[in-house]
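Below is one structure, written out as structure tokens; comments come after it.
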Amino acid sequence: MAYNEQEILAGLAEIVSEETGLPTDSVLPEKSFTDDLDIDSLSMMTIVTLAEEKFSVRIPDDEVKNLATVGDAVSFISGAQA
Amino acid sequence: MTSASDVVITGLGATTPLGGDVDSTWKASLAGRSGVRTLDNDWAEKYEIPVSFAGTLAVPSADVLTRPETKRMDPSAQYAIVAAREAWVDAGAPEVDGDRLGAVVASGIGGVWTLLDGWDTIREKGARRVLPLTVPMLMPNSPAANVSIEFGARAGTHAPVSACASGAEAIAYGVQMIRTGRADVVIAGGTEAAVHPMPISAFAAMKALSTRNDDPAGASRPYDVTRDGFVLGEGAGVVVLESAEHAAARGARVYGRVSGLGMSSDAHHIAAPEPTGAGQTAAMQRALEDAGISASDIVHVNAHATSTPLGDMIEARGIRALLGPHADQVALSATKSMMGHLLGAAGAVETILAVLALRERTAPPTINVTEPEPELEVDLVRDTPRDLPAGQIAAINNSFGFGGHNVALVLTST
């Protein structure tokens, strides 16, 4: 089953919140993972791993560096769904 | 009398099967309560494990840490952080240059939950699902490193691993850091989180564990003729060590001194203690010499006494050999009777109990001894606490580990 972008944002916000302790409502599309959410590379890889499982998608390692904002990740996951 | 190289204890922290902090642990131990309980899971049935109980934490770490903290640290590091935070606050959060602050926190087994969860993930979902923090979580220095990061300890971070002597060895290492001038303050202790089906099965395979499933609270019974093995426990104990000079300069409350360190190794067998107990006695003797006191100054021993048929009596004979007839006047407590064996945390938690015993002039009891070994030539404190004398008094805390590691600490009252 495919998730719409709103569902992906909500799911991603849950993952980020569990990893960082930030409230889910602070995980907004325009937020930068590194600059706004203070997520280091290991945490980012954890979020990617958990997101891959949650949304049944593959996020190639080469792609991760292009996911600067939460919105970038939502778009990528949305497009990557089978 | 104190000298500049004296090392004092100014803060205590613990999370144990008896309580979520030092005060509750201490009070439960004086009350002779057991923290050993039947596990609330189906491991014994599901995996046919012959042991269905353990000394699990009285207050789960998830109740006191944030969700991200529990996800980013193995339980072994979580327990260490819980204990370290308590110890640090208890010490009055000393102002100390990070370059003069050390962190020495050991674990006997390390991040076994994380290690085996990772393997389960590979088998169930494939390698791509293994979380990137797996290695930093499972490594046995992770508790020490997490403590170092939290408190900005840059004088050195260490995790001396010596099985069930690890917690005591960590304290000894911390004392040495201060004695040799590497640090003014050291956060030191031990932690263990191995109540997991694999270690339980493995200890059971050695026939090391009690199988008294119908009476968990009565299962850990050091020196009792019906003892049938140790009870696995979990938790952490952390102390703040400080040079006497540094503590005095800031007017810190002092619980007691770590005045003697004694270490030896059996070089005998990978798991069995050397039967004459010579190595254990040597460790105790070296600790007395290091403290510059004689056996007659000792009023209390917190024994290693894990409730195994072999080990308890070897240690008891070693204590008798060391103390001679004076052993009849030394209040000996086997506190594992109440909380089980916390492996790498045991030496640290028991150091805390021993230093509190000196400070409060009260030796905690040994429970579950209904019929002591007839050849036991030590003065066992049974069932109820015993008063200790006034004046300057000293205690020995023993910790021995698989591999033949023997660590004895001499603690002295203020």
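The values are calculated or read from the model by the stated rules, or taken from the named source; none is laboratory data. Predicted model, so just to flag it, every value in this text is computed and none were measured. Backbone-built Cβ (ideal geometry, glycine too); neighbour counts: all protein chains shown.
Check B:222, B:273, B:197 and return the single one that is in contact with a Leu (Cβ under 9 Å, 6 or more places away or on another chain) and assigned by TED's automatic domain parsing to the domain that holds residue B:348.
Step by step, each of B:222, B:273, B:197 is checked, and only B:273 is in contact with a Leu (Cβ under 9 Å, 6 or more places away or on another chain) and assigned by TED's automatic domain parsing to the domain that holds residue B:348.
Mind counting the residues in segment B:162-221 that are touching a Pro at 6+ places or on another chain (Cβ under 7 Å), of a type in the set (Gly, Ala, Ser) and part of a helix (DSSP H, G or I)?
Selection size over segment B:162-221: 3.
Does residue A:73 satisfy the condition of being among the small types (Gly, Ala, Ser) and free of Cβ contacts under 8 Å to residues at least 60 places away in the same chain?
Considered against the rule, which asks whether it is among the small types (Gly, Ala, Ser) and free of Cβ contacts under 8 Å to residues at least 60 places away in the same chain, residue A:73 comes out as no.
Of (1) within 20 Å of residue B:128 (Cβ to Cβ); (2) within 12 Å of chain B (Cβ to nearest Cβ); (3) at pLDDT below 95, residue A:65 satisfies all except one. Which?
Unmet condition: (2).
Go through segment B:267-284 and give me each residue that's of a type in the set (S, T, N, Q) and modelled with pLDDT under 95.
B:276, the sole residue that qualifies.
Can you name the residue in segment B:368-407 that is more than 15 Å from residue B:333 (Cα to Cα), small (Gly, Ala, Ser) and in contact with a helix residue (DSSP H, G or I) (Cβ under 6 Å, 6 or more places away or on another chain) and, of all such residues, is surrounded by the most Cβ atoms within 10 Å (Cβ to Cβ)?
Looking at residues that are more than 15 Å from residue B:333 (Cα to Cα), small (Gly, Ala, Ser) and in contact with a helix residue (DSSP H, G or I) (Cβ under 6 Å, 6 or more places away or on another chain), I get B:401.
As an exercise: evaluate residue B:135 against (1) away from every other protein chain (no Cβ under 14 Å); (2) free of Cβ contacts under 8 Å to residues at least 12 places away in the same chain and give the number of the one condition it does not meet.
Failing condition for residue B:135: (1).
Can residue B:238 be described as in contact (Cβ under 8 Å) with a residue 40 or more places away in the chain, more than 27 Å from residue B:391 (Cβ to Cβ) and of a type outside the set (D, E, K, R)?
The answer is yes for residue B:238.
Hey, does segment A:33-55 have a residue that's outside any loop (DSSP other than H, G, I, E, B), without any contact (Cβ under 8 Å) to a residue 24 or more places away in the chain and farther than 27 Å from residue B:73 by Cβ?
no
Quickly run through segment A:33-62 and pick out the residues that are away from chain B (no Cβ under 14 Å), surrounded by 14 or more Cβ atoms within 10 Å (Cβ to Cβ) and charged (D, E, K, R).
A:36 - this is the single residue of segment A:33-62 that is away from chain B (no Cβ under 14 Å), surrounded by 14 or more Cβ atoms within 10 Å (Cβ to Cβ) and charged (D, E, K, R).
Which condition breaks for residue A:30 when tested against (1) assigned to a loop (DSSP other than H, G, I, E, B); (2) more than 12 Å from chain B (Cβ to nearest Cβ); (3) free of Cβ contacts under 8 Å to residues at least 40 places away in the same chain?
Answer for residue A:30: the failing condition is (3).
Is it the case that some residue within segment B:82-99 is buried (at least 20 other Cβ atoms within 10 Å of the Cβ) and free of Cβ contacts under 8 Å to residues at least 60 places away in the same chain?
no
Identify, by number, the condition in (1) surrounded by 18 or more Cβ atoms within 10 Å (Cβ to Cβ); (2) under 28 Å from residue B:255 (Cβ atoms) that residue B:311 doesn't meet.
Against the list (1) surrounded by 18 or more Cβ atoms within 10 Å (Cβ to Cβ); (2) under 28 Å from residue B:255 (Cβ atoms), residue B:311 comes up short only on (2).
In the set B:126, B:110, B:92, which member is at positive phi, within 14 Å of chain A (Cβ to nearest Cβ) and modelled with pLDDT of 95 or more?
Checking each option against the conditions leaves just B:126.
Please verify whether residue B:75 is of a type outside the set (A, V, I, L, M), more than 14 Å from chain A (Cβ to nearest Cβ) and within 18 Å of the chain's Cα centre (by Cα), treating the condition exactly as stated.
Against the criterion (of a type outside the set (A, V, I, L, M), more than 14 Å from chain A (Cβ to nearest Cβ) and within 18 Å of the chain's Cα centre (by Cα)), residue B:75 qualifies.
Being touching a Lys or Arg at 6+ places or on another chain (Cβ under 9 Å), within 14 Å of chain B (Cβ to nearest Cβ) and either more than 18 Å from residue B:70 (Cβ to Cβ) or outside any helix (DSSP H, G or I) (or both) is the filter here; which residues of segment A:1-27 pass it?
The one that is touching a Lys or Arg at 6+ places or on another chain (Cβ under 9 Å), within 14 Å of chain B (Cβ to nearest Cβ) and either more than 18 Å from residue B:70 (Cβ to Cβ) or outside any helix (DSSP H, G or I) (or both): A:21.
For segment B:255-263, does any single residue satisfy the condition of being part of a strand (DSSP E or B) and among the polar types (S, T, N, Q)?
There is at least one residue in segment B:255-263 that is part of a strand (DSSP E or B) and among the polar types (S, T, N, Q).
Taking the condition crowded, with 20+ Cβ neighbours inside 10 Å and either out of contact with any Ser or Thr (no Cβ under 9 Å at 6 or more places or on another chain) or within 24 Å of residue B:348 (Cβ to Cβ) (or both), does residue B:57 pass?
yes
Every residue, every condition in (1) touching a Gly at 6+ places or on another chain (Cβ under 9 Å); (2) surrounded by fewer than 20 Cβ atoms within 10 Å (Cβ to Cβ), yes or no:
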site: B:142; (1), (2): yes, no
site: B:152; (1), (2): yes, yes
site: B:168; (1), (2): yes, no
site: B:172; (1), (2): yes, no
site: B:175; (1), (2): no, no
site: B:187; (1), (2): yes, no
site: B:191; (1), (2): yes, no
site: B:197; (1), (2): no, yes
